[in-house]
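A short write-up of the structure that comes next.
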Amino acid sequence: MNQYVRPGAPPPLPPGSIHRSGSRSHRKQVPLPPKPALPASAPHHAQVQTQHAQAAHAQAQAQMDKRYIRRPVEKNIPPKIEALIPDAKLFRELREVEQNMDATISRKRLDIEDTLAKGTKERKKLRIFISNTVIDQPWQTVDRIDENAFDFDIGTIPSWLLRIEGKLLDDNTLIDSPHRRKFTSFFQSIAIELDRPKDLYPDGNIVVWNQQMKPGLPPQPMSDSVDIKRKGDTDINARISFYLATSPERFKLSAPLSTVLGGLKEQTRQEVVMGLWQYIKFRNLQDPDEKRTINCDDALRQVFNNQDRISFAQMIEYAGPHLLPLDPIVIDYTVRVDRESTQAEFAYDIDVEVDSPQRQNLQNVLANWHSNQDEIHALDDQIGITIQELLTAKLRRDFFTQMAHDPAPFINRWIGSQSRDLEIVLGDRDLQSEEVRRAGFYGTEDLTESIFLLLNSRK
């Protein structure tokens, strides 16, 4: 079949070439030669690698396309549209309430984070019980002695078991709850000193339980009691020392440091630094010319190793030796072996610091803070899309309103505007009016690109 050629049009190009309108109408694209096929003996993994590379490229392209998607950001109704919508004022007031709520919620989140960082502690009573039981004592094995035997030794060794246990008072946590603190978690270490002759018991008379056995190793598993079993058939006096575990760590203050801090006996390291800073600022001990230098008075000289002047960086170094370990809580107990079980005459209450029950609630609030952010973003996008639709409807309304008011001059002005835009799009191209009037002309790639650039230049 012969191809029809319009008079004045360029001759048709051979198959395989592409014709483009305008100044680039003579550009010709030659088909690329086909890629050589892999030989039949090529390894299978080469095809697999090609497939993986294509999949990775497609995924990267999808991610890149997602990045360039323009999301609507305008969420306020413009004043020119608000004047046309009766209830637009209510939407503006609602937006103001939303902004105030966002500011309040953000401030509350910062308050919660600050509270968790400082630590929410409360003081409770830890009640300690001490008891012991005996095993194979001589008075327990009398019934097992054979009167006709030559040797009355039955092969048993008398021993006793000391148990130290405790319970947190007013604790409503379930006993099998993972959040319940066990007895040993309240102590850094527990030391038991037994009063008995070393020559008879060479295995040692001091027993120590440490929460951290060695540096670098995980702490021991926590339990609700500490049991100590030893050999013996006589009453033993035991001295039990409890070293509390505090978080943050608290220290006993030396006498000079206690004097500077107003007689306080125990403080954390951070509280000591803040107390020293308050003391220095209240007494104007900063050097007027060098603010990072402290001029020590008599009380500070006792703390800072008799130095007359020190820098702020040296303050922690000199105060370190004055931070002493807390004194242990000491309980004396007598292990009795004349009965099967013995309970201490008294129970002992110790003040301990525990996390406030509200701490877990605050942590749950922060953990679920962004749980509904996807829904909020979807609603914001929908608001933005609606605002864009309102702007588009406003443009259409203005167009038809002006046309209805004065149709003929408006159409002439509009056609003139469209003609000027077309001239800008076409540039220096020399095209016949017959070709411009055809619909297919406006679907070419070059013209589409020019229109895109024109529209973007007006934003």
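The values are calculated or read from the model by the stated rules, or taken from the named source; none is laboratory data. No experiment lies behind these values; they were computed from the predicted model shown. Every residue, glycine as well, gets a Cβ built from its backbone with ideal geometry; the counts of neighbours run over all protein chains shown. Only protein heavy atoms, including side chains, enter the accessible area calculation; ligands, DNA and RNA are left aside. Shrake-Rupley method; radii C 1.70, N 1.55, O 1.52, S 1.80 Å.
Whenever a residue of region 181-205 is within 17 Å of residue 242 (Cα to Cα), its partners that are open to solvent by 100 Å² or more (accessible area, probe 1.4 Å) and not in a loop (DSSP other than H, G, I, E, B), lying with C-beta atoms within less than 6 angstrom and at least six residues away or across chains, give the pairs 193/206; 193/239. The set of residues from region 247-281 being in contact with a strand residue (DSSP E or B) (Cβ under 7 Å, 6 or more places away or on another chain) and part of a loop (DSSP other than H, G, I, E, B) comprises 248, 249, 254, 261, 264, 265.
Could you go through region 348-360 and let me know if any residue there is among the acidic types (Asp, Glu) and either surrounded by 14 or more Cβ atoms within 10 Å (Cβ to Cβ) or more than 26 Å from residue 168 (Cβ to Cβ) (or both). Yes, that holds for at least one residue. Of the strands (runs of 3 or more DSSP E) lying entirely inside region 324-391, those containing at least 2 residues that are more than 30 Å from residue 121 (Cβ to Cβ) span 329-335, 341-343.
Among residues of region 375-398 that are more than 18 Å from residue 87 (Cα to Cα), those with a Cβ under 7 angstrom from a residue that is of a type outside the set (Val, Ile, Thr) and surrounded by 11 or more Cβ atoms within 10 Å (Cβ to Cβ), sequence gap 6+ or separate chain, pair up as 380/75; 381/72; 385/72. Given the condition at pLDDT below 80, on the phi < 0 side of the Ramachandran plot and among the basic types (Lys, Arg), answer yes or no: does some residue in region 142-159 qualify? Yes, there is a match, as at least one residue in region 142-159 is at pLDDT below 80, on the phi < 0 side of the Ramachandran plot and among the basic types (Lys, Arg). With respect to residue 67, determine if the residue is at pLDDT 75 or above and loosely packed, with under 10 Cβ neighbours inside 10 Å. So residue 67 does not fit the description; no.
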